[in-house]
1. With the condition kept exactly as written, say whether any residue in the stretch 161-177 is open to solvent by 60 Å² or more (accessible area, probe 1.4 Å), farther than 22 Å from THR191 by Cα and either among the β-branched types (Val, Ile, Thr) or touching a residue at least 40 places away in the same chain (Cβ under 8 Å) (or both).
2. Among the residues that make up the stretch 12-23, is at least one of them out of contact with any helix residue (DSSP H, G or I) (no Cβ under 8 Å at 6 or more places or on another chain), among the small types (Gly, Ala, Ser) and either within 29 Å of GLY230 (Cα to Cα) or not in a loop (DSSP other than H, G, I, E, B) (or both)?
3. In the stretch 90-115, how many are aliphatic (A, V, I, L, M), part of a loop (DSSP other than H, G, I, E, B) and closer than 14 Å to THR282 by Cα?
4. If you take the residues in the stretch 279-305 that are modelled with pLDDT of 95 or more and assigned to a loop (DSSP other than H, G, I, E, B), which one is farthest from LEU20 (Cα to Cα)?
5. Can you give me the number of residues within the stretch 116-145 that are among the basic types (Lys, Arg) and either in contact (Cβ under 8 Å) with a residue 60 or more places away in the chain or in a helix (DSSP H, G or I) (or both)?
6. Count, please, the residues in the stretch 28-61 that happen to be touching a residue at least 40 places away in the same chain (Cβ under 8 Å), surrounded by 14 or more Cβ atoms within 10 Å (Cβ to Cβ) and more than 26 Å from the chain's Cα centre (by Cα).
7. I need the full set of residues from the stretch 126-146 which are of a type in the set (Val, Ile, Thr) and exposed (fewer than 10 other Cβ atoms within 10 Å of the Cβ), in order please.
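The values are calculated or read from the model by the stated rules, or taken from the named source; none is laboratory data. Just so it is clear, the structure is predicted and the values come from calculations on it, not from any experiment. For neighbour counting, all protein chains shown are included, and Cβ atoms are generated from backbone atoms with ideal geometry for every residue, glycine included. SASA here: full protein model, heavy atoms, side chains in, ligands and nucleic acids out. Shrake-Rupley method; radii C 1.70, N 1.55, O 1.52, S 1.80 Å.
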Amino acid sequence: MRALFVDANPSLAAVTERLLRPGDPEVAIHRDPEIKAADLPRLLAGYQIAIDDHTPFPTEIVKQCPELKHIVFLGTGARSYMNPEELEALGVTVHIIKGYGDTAVAEMAFALMWDAARKTAHMDGAIRAGGWPRVVGTQLTGKTVGLIGVGGIGAEMARLCAGIGMKVIAWNRSAKSMPGVEFVPLEQLLTESDVVSLHLLLNDETRGFLSRERLAQMKQGAILVNTARGAIVDELALASALEDGHLGHAGLDVFTEEPLPAGHPLARLENATLTSHAAFRTPEASDNLIGAALDHCRRILAEGR
């Protein structure tokens, strides 16, 4: 079994080299994070395992990779880049990695929430341009944060928010309980929360989950934070809600199309803080991520399939 990391950026390439051990499957590293799906048949000739950071694997392209048997996707959002069921029918198994960056992503959500409350990025940009805005911010202590989805990341966000004296309420797609967190119906969460933070996986049931109607249910002036997946939110409806002042601010690390297209309505808004899908990018999370990917490769080799 031979593996190819198809789209390694410099930092992940370095981590992969550092974590490889004697006796591991052969793992080649293609150091080009900008490859296209059309490049995959050529690159994957002779390889049974692909390690994928962010490159799409369309079913029609995978049909042109006859030796490929496994795709190890670096994260949980493989469905944004491929159709696992269609690939399984071709004999290609898609593996995902959970939990590697729970703390890192929660800390980014926490940071975006604080920026939305205190407008730090806005003031920084204005000062660099010669201004001196003295913005009236929002004090978060004592406010209510509503978490939509309470997996590993949501649980970490709950811990962080409780630590600064916020009331934490939550809604989860399946029944759950957690000390210090009050689980409530979704409508109640939307209407009562000063901050709503999204922590759902993207699938057919959650695509467009935060619709125009649900955005309208949110509290006047509320903050929305999304470090999950862009397609969970109706982006045009969100831009409209921000522009007309129904929502106070949005902190967004993820978008339906990435990179964000030029002229996107969210990019025009001062009450939106935008980051480049970087919540999980810390050294600790990268080590966890690549370590788990290599464990998948080792397991595949041991099973001989």
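1. Of all residues in the stretch 161-177, those open to solvent by 60 Å² or more (accessible area, probe 1.4 Å) come to 163, 167, 173-177.
After this cut, where a residue has to be farther than 22 Å from THR191 by Cα as well, the list is 163.
With either among the β-branched types (Val, Ile, Thr) or touching a residue at least 40 places away in the same chain (Cβ under 8 Å) (or both) added as a condition, the list becomes none.
No, that holds for no residue.
2. Scanning the stretch 12-23, I find at least one residue that is out of contact with any helix residue (DSSP H, G or I) (no Cβ under 8 Å at 6 or more places or on another chain), among the small types (Gly, Ala, Ser) and either within 29 Å of GLY230 (Cα to Cα) or not in a loop (DSSP other than H, G, I, E, B) (or both), so the answer is yes.
3. Filtering the stretch 90-115 down to residues aliphatic (A, V, I, L, M) leaves 90, 92, 94, 96-97, 104-106, 108-109, 111-113.
Within this subset, residues satisfying the condition of being part of a loop (DSSP other than H, G, I, E, B) are 90, 92, 96-97.
If we keep only those that are closer than 14 Å to THR282 by Cα as well, we get none.
The total comes to 0.
4. ALA279
5. Taking the stretch 116-145 and keeping what is among the basic types (Lys, Arg), we get 118-119, 128, 134, 143.
Going one step further and asking which of them are either in contact (Cβ under 8 Å) with a residue 60 or more places away in the chain or in a helix (DSSP H, G or I) (or both), we end up with 118-119, 128.
So the count comes out to 3.
6. Step one: filter the stretch 28-61 for residues touching a residue at least 40 places away in the same chain (Cβ under 8 Å), giving 44, 46-55.
Subset that is surrounded by 14 or more Cβ atoms within 10 Å (Cβ to Cβ): 44, 47-55.
From what's left, more than 26 Å from the chain's Cα centre (by Cα): 44, 47-48.
Here the count works out to 3.
7. Keep residues of the stretch 126-146 that are of a type in the set (Val, Ile, Thr), which gives 127, 135-136, 138, 141, 144-145.
Result: VAL136, THR141.
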